[in-house]
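> One structure, pasted below without further comment.
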Amino acid sequence: MKYTLGTFAVVMIFISARDAHAVLTATSTRGLAATDLDGMLSTTDAIAGLIATELPGDTGWHPVNPAANDSLHPNGLPAFTDGQGGVNVFTGLLNDFPEPRGVPVKLIQYDLAQPIDLERIHILSGNINNADGRIFSTTAIRYSTDGGQNFTPLGYFESAPLGSINNESGDLGTTMDHALLLEIFDDAGGDLASAVTNLQFDFFSVDNTGGQYRDPFDGVNPFTELDDGLSSAFVSPLIWEIDVIGQPVAGDTADFDSDADVDGADLLAWQRGFGVTGSATRAMGDANQDQAVNALDLDVWKQQFGAAVAAVPEPATLGGVLVAASLACVGVRRR
């Protein structure tokens, strides 16, 4: 049996000026049984099957999780993108007792195969053995549009109202759920962010031993600038699945710096990336997403030069720029 706990405002929203139209919403759906929400997972999303990179500061895994000795164990990093829920009692079990309190317990990055217009993010957490606070999740998410060189905060997300209690006591006001799916999307129907190339997730501790959902900080939460009046969480969640849903960036584009126009700055990016093969990104000058920066990408730049700018260059001006581009191409080839 599954049911929707409710839709609630994201506690703190960070939106770049480029995506200022987005109105972030977080919806929490709960499952009484551990498998109740498995049908809501994706096996074809943008990070399906990808293995994340653990970032500096990552604290590993709970000692009882076999992934503690090998992050590539099925209970470790592969579990986040395998399209399944909790396979066993240790699936995605993160480390407890962060020191100092308030630091993330898991810091990971996904490098997407190609840029996407990001539509939704789903995070499934739960506990097969017990109905307790490990079903909650607290996450800070950042995204990049330039191949991971720079990241913009998307938001800080809490999966339920702070103070909520999930345990098997049956006391009035408590729940006894085994799974929770947090869905993050734009309530206005738009994209969360455009041309996303990389995503970072910071997961935090979520509760005390009584199953009470708390923020990870003692005192004021630096994300929300609020104090929940509770001591900090120190028990961490089991993260069963992360789904990143979006559409590949449509068509070829020479907007290499993602500033909504095609101009000389994009030509400079192409010049710097010229010759890269097999690993090129759009930020390097790969306009046609073939992972190489070459004359084909320059052709796209020529076709799109001046797009989305207030004043279209005069033919003589454009011709001068194209001549310079051709000379630059010849110059690079001679090196």
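The values are calculated or read from the model by the stated rules, or taken from the named source; none is laboratory data. The structure presented is a predicted model; accordingly, all values stated were derived computationally and were not measured. Note: ideal-geometry Cβ built from the backbone for every residue, glycine included; neighbour counts use all protein chains shown.
> Quick one: is Leu77 of a type outside the set (Asp, Glu), in contact with a Gly (Cβ under 8 Å, 6 or more places away or on another chain) and within 26 Å of Gln114 (Cβ to Cβ)?
Numbers: of a type outside the set (Asp, Glu): yes; in contact with a Gly (Cβ under 8 Å, 6 or more places away or on another chain): no; within 26 Å of Gln114 (Cβ to Cβ): yes.
When the stated conditions are applied, Leu77 does not pass them.
> Separate question: Whether any residue in the stretch 179-202 is closer than 18 Å to Thr29 by Cα, touching a strand residue (DSSP E or B) at 6+ places or on another chain (Cβ under 7 Å), in a loop (DSSP other than H, G, I, E, B) and small (Gly, Ala, Ser) is what I want to check.
So in the stretch 179-202, the residues closer than 18 Å to Thr29 by Cα come out as 179-187.
Now narrow it down to the ones that are touching a strand residue (DSSP E or B) at 6+ places or on another chain (Cβ under 7 Å): 179-187.
Retained after the next criterion (residues that are in a loop (DSSP other than H, G, I, E, B)): 187.
Within this subset, residues satisfying the condition of being small (Gly, Ala, Ser) are none.
No, that holds for no residue.
> Take Glu99 and decide whether it is assigned by TED's automatic domain parsing to the domain that holds Leu180, modelled with pLDDT under 95 and of a type outside the set (Val, Ile, Thr).
On the way: assigned by TED's automatic domain parsing to the domain that holds Leu180: yes; modelled with pLDDT under 95: yes; of a type outside the set (Val, Ile, Thr): yes.
It is true that Glu99 is assigned by TED's automatic domain parsing to the domain that holds Leu180, modelled with pLDDT under 95 and of a type outside the set (Val, Ile, Thr).
> Here's something else I'd like to know. Which one is surrounded by the fewest Cβ atoms within 10 Å (Cβ to Cβ) among residues in the stretch 86-129 that are out of contact with any helix residue (DSSP H, G or I) (no Cβ under 6 Å at 6 or more places or on another chain) and closer than 19 Å to Thr29 by Cβ?
Restricting to residues being out of contact with any helix residue (DSSP H, G or I) (no Cβ under 6 Å at 6 or more places or on another chain) and closer than 19 Å to Thr29 by Cβ, the top hit is Arg120.
> Here is a follow-up. Right, Gly57: touching a strand residue (DSSP E or B) at 6+ places or on another chain (Cβ under 7 Å), surrounded by fewer than 17 Cβ atoms within 10 Å (Cβ to Cβ), on the phi > 0 side of the Ramachandran plot and in a loop (DSSP other than H, G, I, E, B) or not? Can you show your working first?
Numbers: touching a strand residue (DSSP E or B) at 6+ places or on another chain (Cβ under 7 Å): yes; surrounded by fewer than 17 Cβ atoms within 10 Å (Cβ to Cβ): yes; on the phi > 0 side of the Ramachandran plot: yes; in a loop (DSSP other than H, G, I, E, B): yes.
Yes, satisfied.
> Asp218 - would you say it is under 30 Å from Pro98 (Cα atoms), out of contact with any strand residue (DSSP E or B) (no Cβ under 8 Å at 6 or more places or on another chain) and outside the structural domain of Leu298 (by TED's automatic domain parsing)? Spell out the reasoning first.
Numbers: under 30 Å from Pro98 (Cα atoms): yes; out of contact with any strand residue (DSSP E or B) (no Cβ under 8 Å at 6 or more places or on another chain): yes; outside the structural domain of Leu298 (by TED's automatic domain parsing): yes.
It is true that Asp218 is under 30 Å from Pro98 (Cα atoms), out of contact with any strand residue (DSSP E or B) (no Cβ under 8 Å at 6 or more places or on another chain) and outside the structural domain of Leu298 (by TED's automatic domain parsing).
> Then there's this: Please enumerate the residues belonging to the stretch 35-53 that are crowded, with 17+ Cβ neighbours inside 10 Å and more than 18 Å from Glu183 (Cβ to Cβ).
Within the stretch 35-53, Leu50, Ala52 meet the criteria.
> From the residues in the stretch 230-249 that are in a loop (DSSP other than H, G, I, E, B) and touching a residue at least 60 places away in the same chain (Cβ under 8 Å), which one is surrounded by the most Cβ atoms within 10 Å (Cβ to Cβ)? So that I can check it myself, show each step before the final result.
Restricting attention to the stretch 230-249, the residues satisfying the condition of being in a loop (DSSP other than H, G, I, E, B) are 230-234, 236-237, 249.
With touching a residue at least 60 places away in the same chain (Cβ under 8 Å) added as a condition, the list becomes 230, 232-234, 236-237, 249.
Working: Leu230: 16, Ser232: 19, Ala233: 29, Phe234: 18, Ser236: 31, Pro237: 29, Val249: 20.
Out of the qualifying residues, it is Ser236.
> All but one of (1) in contact (Cβ under 8 Å) with a residue 40 or more places away in the chain; (2) buried (at least 22 other Cβ atoms within 10 Å of the Cβ); (3) not assigned by TED's automatic domain parsing to the domain that holds Pro78 hold for Gln271; state the number of the condition that does not hold.
(2)
> Just one of Leu107, Leu118 is in the same structural domain as Asp191 (by TED's automatic domain parsing), closer than 19 Å to Pro63 by Cβ and in a strand (DSSP E or B); which is it?
On the way: Leu118 fails: closer than 19 Å to Pro63 by Cβ.
On inspection, the qualifying residue turns out to be Leu107.
> Has the stretch 65-74 got at least one residue that is closer than 20 Å to Ser159 by Cα and not in a loop (DSSP other than H, G, I, E, B)?
At the first step, the residues of the stretch 65-74 found to be closer than 20 Å to Ser159 by Cα are none.
Within the stretch 65-74, not a single residue is closer than 20 Å to Ser159 by Cα and not in a loop (DSSP other than H, G, I, E, B).
> Related question: What's the number of the only condition in (1) in contact (Cβ under 8 Å) with a residue 60 or more places away in the chain; (2) part of a loop (DSSP other than H, G, I, E, B); (3) of a type in the set (Gly, Ala, Ser) that Ala113 fails to meet?
Of (1) in contact (Cβ under 8 Å) with a residue 60 or more places away in the chain; (2) part of a loop (DSSP other than H, G, I, E, B); (3) of a type in the set (Gly, Ala, Ser), only one is false for Ala113: (2).
> Oh, and also: I'm trying to understand the selection: among the residues of the stretch 49-74, which are touching a residue at least 40 places away in the same chain (Cβ under 8 Å) and touching a Gly at 6+ places or on another chain (Cβ under 9 Å)?
Keep residues of the stretch 49-74 that are touching a residue at least 40 places away in the same chain (Cβ under 8 Å), which gives 50, 52-59, 62.
If the condition is that a residue be touching a residue at least 40 places away in the same chain (Cβ under 8 Å) and touching a Gly at 6+ places or on another chain (Cβ under 9 Å), then Glu54 is the only one that fits.
> Also: Collect the residues in the stretch 130-158 that are of a type in the set (Gly, Ala, Ser), crowded, with 24+ Cβ neighbours inside 10 Å and assigned to a loop (DSSP other than H, G, I, E, B), keeping them in residue-number order.
Within the stretch 130-158, just Ser137 meets the criteria.
> Among the candidates Gly163, Gly170, single out the residue that is at positive phi and either in contact with a strand residue (DSSP E or B) (Cβ under 7 Å, 6 or more places away or on another chain) or of a type in the set (A, V, I, L, M, F, W, C) (or both).
On the way: Gly170 fails: either in contact with a strand residue (DSSP E or B) (Cβ under 7 Å, 6 or more places away or on another chain) or of a type in the set (A, V, I, L, M, F, W, C) (or both).
Among Gly163, Gly170, only Gly163 is at positive phi and either in contact with a strand residue (DSSP E or B) (Cβ under 7 Å, 6 or more places away or on another chain) or of a type in the set (A, V, I, L, M, F, W, C) (or both).
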